[in-house]
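See below for the structure under consideration.
The values are calculated or read from the model by the stated rules, or taken from the named source; none is laboratory data. If you're wondering where the values come from, they're calculated on a predicted model, not measured in any experiment. No Cβ is skipped: glycine too gets one built from the backbone with ideal geometry, and neighbour counts run over all protein chains shown. Surface accessibility is based on the protein's heavy atoms, side chains included, excluding ligands, DNA and RNA. Shrake-Rupley method; radii C 1.70, N 1.55, O 1.52, S 1.80 Å.
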Amino acid sequence: MVQTPLSPDILYPDSDGLPMAENTEQYEWIVRLVTNLKHLLKDEEAFVAGDLLWYPVQVDAPPAPCQAPDAMVAFGRPPGYRGSYRQWEED
């Protein structure tokens with residue numbers, strides 16, 4: 001039987017449907033951490049994000065393993081907007 005490959009949107013969704021924070025204090029800490037990391041690393045090539053789905057490996061079928069850390073830094077990667085962080089696409 002021939003199966004159609006799954007689209008990247010199905011394998012690696014940009015949302016897990018969960019809230020960014022469980023309460024306002026947690027939200028404020030996430031924003032504070034990400035803002036301060038961006039400021040601290042402004043002269044370095046680094047991608048800084050908060051509550052972004054991170055996919056460490058490429059898969060052929062769901063579920064793809066992922067995490068959504070409150071704050072993350074990927075050194076050597078350019079800043080910019082991403083729907084999710086797909087590590088294998090980032091060199």
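Based on the Cα gyration tensor of segment 39-91, what are the three equivalent ellipsoid semi-axes, each the root of five times an eigenvalue, rounded to whole Å and given largest first?
Details: eigenvalues 99, 28, 11 Å².
Values for segment 39-91, descending: 22, 12, 7 Å.
Starting from the residue with the highest accessible area, list L41, L18, L33 in decreasing order, probe 1.4 Å.
If we order L41, L18, L33 from most to least accessible, we get L18, L33, L41.
Between the Cα long axis of helix 24-40 and the first principal axis of the chain there is an angle of about 80°, rounded to the nearest 10.
Relative contact order for segment 1-81: what is it in percent, counting Cα pairs under 8 Å that are at least 6 residues apart?
Working: 89 pairs, mean separation 26.4, N = 81.
About 33 percent, as a whole number.
The length gained by stretching the chain between D60 and W29 to full extension, at 0.36 nm per residue less their Cα-Cα distance, is 7.6 nm. Per-residue ellipticity at 222 nm computed for the chain from its helices equals -7000 deg cm²/dmol, with DSSP H segments shorter than 4 residues left out and the rest contributing -39,500 (n - 2.57). Annotation for I10 and W88: the two label points, set 7 Å from Cα along the Cα-Cβ direction, are 1.7 nm apart.
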